[in-house]
Each structure stands twice: as structure tokens, then as C-alpha cells.
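Only one structure is covered here, and it is reproduced in the block below.
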Amino acid sequence: MAKTSTTTQGLRAAIERSGYYPALVAEAVEAAVGGEPIRSYLVHQETTFDANEVRRHVTVLVLTGTRFIVSHTDEQAADDTSPSPYATTSTESVKLGRISSVVVSRMVANPESYTPGTLPREVVLTIGWGAVSRIDLEPAACGDPNCEADHGYTGSSTADDLSLRVSEAGDGPETVRQALAFAQSLSEATADLNH
């Protein structure tokens, strides 16, 4: 990462504010970004409850001029493979031309009195680039209720590479704003490639 960039400094500060292994997360992100200038970013730290365990993970999304970078870090309890707790960090770098969809779902309260510019209560950002697809199949049928023929299957295939949910109540209004800003930057970047 270019150390002089205001955006780079903002990303580093956001990683540190997350409080989730900031040195480890920052190193992984910096290695993936390399020397490219950062156009936009989103840092999302999430705590989940799994039976009797509290688990934390952080996802960092970075947009450069040519790539979309996803970094995800999970912590794991001690297990058969490691006598002490450990963290796993992965990064994926995707060329912007491979992004096939950017879906932004907004949940607003009292839609009848919605005012433009009001922050949604929740935002779900789903990004597809063809690495993971979900196929939902069900038996096909015809309109004849007495038909016993095998009509095969019908279904749909959905790109579902990344889905990230942020909420004002759980993550704070600034994270919701940042998610919307990142989604807009990514949408604009992918639209620019099609002109």
C-alpha cells in the first residue's frame, strides 16, 4: 500500500478500530493490494455465537483501479490440529472485469415517510464474480393435477460469492454509510468497464 494515500491511511485506521488482530489483518490486506492506489474500502467486524462459543471474524473489502480484493480473517479455538487458538486469514483478488453483479438490498423503517438521504436500518451487499454459485433445484411439474409423468427438474443458479450484512443497530451508522459508499464505488467501477 502506498503510505502517503489518505484512503490507505483511512483503511489502516478502520482495521485498527475493528480491534480484531489489526497487525495480521493489515499485513494480509497490504500484501494483496500491493502498490495500487485504493479507491474505496469497507471493514466489517462481526461477532457470532456458536453453541457455547463466541466467534469473531473480520472482512475487509478493497477496491483499486483494476481489482476487487476480499480479505477474511477468522479465529479458531484450539483443536486437534493446534493446541492453542489460532486465526486464519485469506485474501482473494478479483479483476474488476470478472464482477458480474453488485446487489445492494436496503431495509428502511416506515417507507411511507421515507426521505431521500435517510440512512437505511440495514444493508446487505452481495457481490458475484463466478467463483461460487448456488443451484436450487426442485421437481418440475405440469398444470395437470392427474399427471404422473416425470418432468425432470427446474431450478435456478445464483452467483453468491460474497454476501455481507451491516446494520445501524449492530454495526453503527458509519459502517452502514461506508457499505453504501463502497457498493456505489464498486458499481461505478464495473459500469465503467462496460462503456
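For region 170-193, check the following and say yes or no: at least one residue is small (G, A, S) and either at pLDDT below 80 or in contact with a Cys (Cβ under 8 Å, 6 or more places away or on another chain) (or both).
Looking for residues that are small (G, A, S) and either at pLDDT below 80 or in contact with a Cys (Cβ under 8 Å, 6 or more places away or on another chain) (or both), one finds none in region 170-193, hence no.
So which of V43, V25 ends up being touching a residue at least 24 places away in the same chain (Cβ under 8 Å), in a helix (DSSP H, G or I) and either touching a Phe, Trp or Tyr at 6+ places or on another chain (Cβ under 8 Å) or of a type in the set (V, I, T) (or both)?
Just a single option satisfies the conditions, and that option is V25.
If you scan region 84-103, which residues turn out to be modelled with pLDDT of 90 or more and not small (G, A, S)?
T88, T89, T91, E92, V94, K95, L96, R98, I99, V102, V103
Determine the pairs where a residue that is under 20 Å from H72 (Cβ atoms), located within region 87-108, has a partner that is outside any loop (DSSP other than H, G, I, E, B) and aromatic (F, W, Y) with Cβ atoms under 9 Å apart, the partner being 6 or more residues away or on another chain.
E92/F68; S93/F68; V94/F68; K95/F68; L96/F68; R98/F68; I99/F68
Looking for whichever is of a type in the set (S, T, N, Q), surrounded by 10 or more Cβ atoms within 10 Å (Cβ to Cβ) and over 20 Å from R39 (Cβ atoms) here; the options are S82, S93. Which one fits?
S82
The values are calculated or read from the model by the stated rules, or taken from the named source; none is laboratory data. All values derive from a computational prediction rather than experimental measurement. Backbone-built Cβ (ideal geometry, glycine too); neighbour counts: all protein chains shown.
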